[in-house]
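**Student:** The following block contains the structure, expressed as structure tokens.
Values quoted throughout were computed directly from the atomic coordinates according to the rules given, and no laboratory measurement underlies them. Since we're looking at a predicted model, the values are computed, not measured. Every residue, glycine as well, gets a Cβ built from its backbone with ideal geometry; the counts of neighbours run over all protein chains shown.
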Amino acid sequence: MKSLEELKAIRERVRGNVHLRKEDSPDNIRVVVGMATCGIAAGARPVLAAFTEEVAKRDLQNVMVTQTGCIGICQYEPVVEVFEPDGKKTTYVKMTADKAARVVTEHLVNGKVVEEYTIGSISNLK
Amino acid sequence: MQELSLNVLDIAQNSIRAEASLITITVEQRTADSFLEISIADNGCGMSEEQVAHVMDPFFTTRTTRKVGLGVPFFKMSAEATGGSFSIVSELGKGTRTTASYRTDHIDMLPLGDMNATILILITMNPDRDFVYRRSLDERIYTLDTRELKEVLEDVPLNAPEVADFIRSSLEEGEAELLGGPAAP
């Protein structure tokens, strides 16, 4: 079993990291994953997990991954919204864990929206 | 929902919206009786008797943004389809306990699925709340209590990546032992 001693060591290591992330800094990019019944049923759990894992792996201090309820476009779930510090909002639809990894690399790291996953590029309503 | 652990994730969101500070999730399994019971108990705002009666109805929701609330009906259906049972006990100001029991040998039994993924997401997405996760299989029991972790962590948050990794491996090891690793001491 994992021991609490091990956790203590982790505590000291994390504290040693110079900058603890600022959760509500206006310079943060916010990634919001829809986690209502519709989102969860459509596969939001692995999408949210992929975002948190990729962001942790790349140590992106300026990215906050959070969740929200149903935003009313259930047919497009899993839906992920990305809010940038300049007020820009991107809505990604029908997300998967693989797509999430690509959004992290191309959009969150390199600042280039992955157009083909956005709601604007999905033409036929289902 | 394709697996019951997704229902658990969904129902626990109701506890979070009910402003619960402590959410206890229990999964109890008895192989010999083909019995599985899942409960989600919270100390949130609770519901009136009338509300409890209503939440089982798919066309009732407290929301004003839409007209359907499918979370509870889905969970109820998953249990009743196996010949199991479903109940909600709630008191205003005290909290709510939702319990679903299953007959695991029924053809309509859904897989429990990845409970660890559900618990990890609940904990890391709501580091200000406390969770107790208790999973038992016959005589073996695994428990994770975030209040114990917080005591050790002090000011370090539960959603720090290193801490999340720790919780993930604890859940994985706990499950492996439960499902037939080395015998519990």
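**Student:** Using only the Cα atoms of chain A, what do you get for the radius of gyration and for Dmax, in Å?
**Tutor:** 16.3, 55
**Student:** Give me a single rounded figure for B:114-121: the average over its residues of other chain Cβ atoms within 10 Å of their Cβ.
**Tutor:** 3
**Student:** Still on this structure, please answer the following. Run the quick spin-label model on residue A:2 and residue B:48: label points 7 Å from Cα toward the beta carbon, then report their separation in nm to one decimal.
**Tutor:** Placing both labels 7 Å along Cα→Cβ, they lie 4.3 nm apart.
**Student:** Cα centroid distance between region A:72-112 and region B:1-59, in Å?
**Tutor:** 30
**Student:** List the relative contact order of region A:22-121 as a percent without decimals, with contacts defined as Cα pairs under 8 Å and 6+ residues apart.
**Tutor:** It comes to 32 percent, rounded to a whole number.
**Student:** Can you show me the helix-derived [θ] at 222 nm for chain A, built from DSSP H runs with n ≥ 4 at -39,500 (n - 2.57) apiece and divided by the number of residues, rounded to the nearest 500.
**Tutor:** -9500 deg cm²/dmol
**Student:** As an exercise, use a Förster radius of 51 Å and the Cβ-Cβ distance of residue A:58 and residue B:94 to find the FRET efficiency, rounded to the nearest 0.05.
**Tutor:** The computed FRET efficiency comes out at 0.70.
**Student:** So for region A:22-121, taking the charge dipole from beta-carbon charges (+1 Lys/Arg, -1 Asp/Glu), which of A:66, A:31, A:118 sits furthest toward the positive end?
**Tutor:** A:118
**Student:** Mind putting a number on the dipole of region B:4-178 about its Cα centre? Charges go on the C-beta only, +1 for Lys and Arg and -1 for Asp and Glu, and I need it in Debye to the nearest 20.
**Tutor:** It comes to approximately 720 debye.
**Student:** Classify region B:4-178 as rounded, prolate or oblate from the Cα gyration tensor: take a ≥ b ≥ c as the square roots of its eigenvalues, call it rounded if a/c is under 1.5, otherwise prolate when a/b beats b/c and oblate if not.
**Tutor:** oblate
**Student:** Which one of B:78, B:176, B:56 has its Cα pushed farthest toward the positive end of the charge dipole of region B:43-179, where Lys and Arg give +1 and Asp and Glu give -1 at the Cβ?
**Tutor:** The residue sitting most towards the positive pole is B:56.
**Student:** Normalising by the residue count of chain B, find the relative contact order in percent from Cα pairs under 8 Å and 6+ residues apart.
**Tutor:** Answer for chain B is 24 percent.
**Student:** Ratio of Rg to Rh for the protein assembly as shown, alpha carbon only, Kirkwood?
**Tutor:** Result: Rg/Rh = 0.97.
**Student:** Right, here's the next one. Any cysteines in chain A with zero other Cys Cβ atoms under 4.7 Å from their Cβ? List them, or say none.
**Tutor:** So, A:70.
**Student:** Next question, about the same structure. Along Cα→Cβ, 7 Å out, is where each label goes; now give me the distance between the ones at residue B:57 and residue A:15 in nm to one decimal.
**Tutor:** About 5.5 nm, to one decimal.
**Student:** Can I ask one more? Relative contact order of region B:1-60, please, whole-number percent, based on alpha carbon pairs below 8 angstrom and at least 6 residues apart.
**Tutor:** 29
**Student:** Another one. Charges on Cβ only, +1 for Lys and Arg, -1 for Asp and Glu, centred on the Cα centroid of the protein assembly as shown; of B:100, A:91, B:127, which one is farthest towards the dipole's positive end?
**Tutor:** The residue sitting most towards the positive pole is A:91.
**Student:** About the Cα centre of chain A, how large is the charge dipole given +1 on each Lys and Arg Cβ and -1 on each Asp and Glu Cβ? Please answer in debye to the nearest 20.
**Tutor:** For this selection, approximately 200 debye.
**Student:** Suppose each label sits 7 Å from its Cα in the direction of the beta carbon; what would the residue A:91-residue A:68 distance come out to in nanometres?
**Tutor:** Distance between the two pseudo-spin positions: 0.9 nm.
**Student:** Holding the Cα-Cα limit at 19 Å, pick out from A:2/B:150; A:57/A:99; A:8/A:57 the pairs that are longer than that.
**Tutor:** Flagged as over cut-off: A:8/A:57.
**Student:** Dipole size in debye (nearest 20) for the protein assembly as shown around its Cα centre, Lys and Arg Cβ +1, Asp and Glu Cβ -1?
**Tutor:** Computed charge dipole of the protein assembly as shown: roughly 780 debye.
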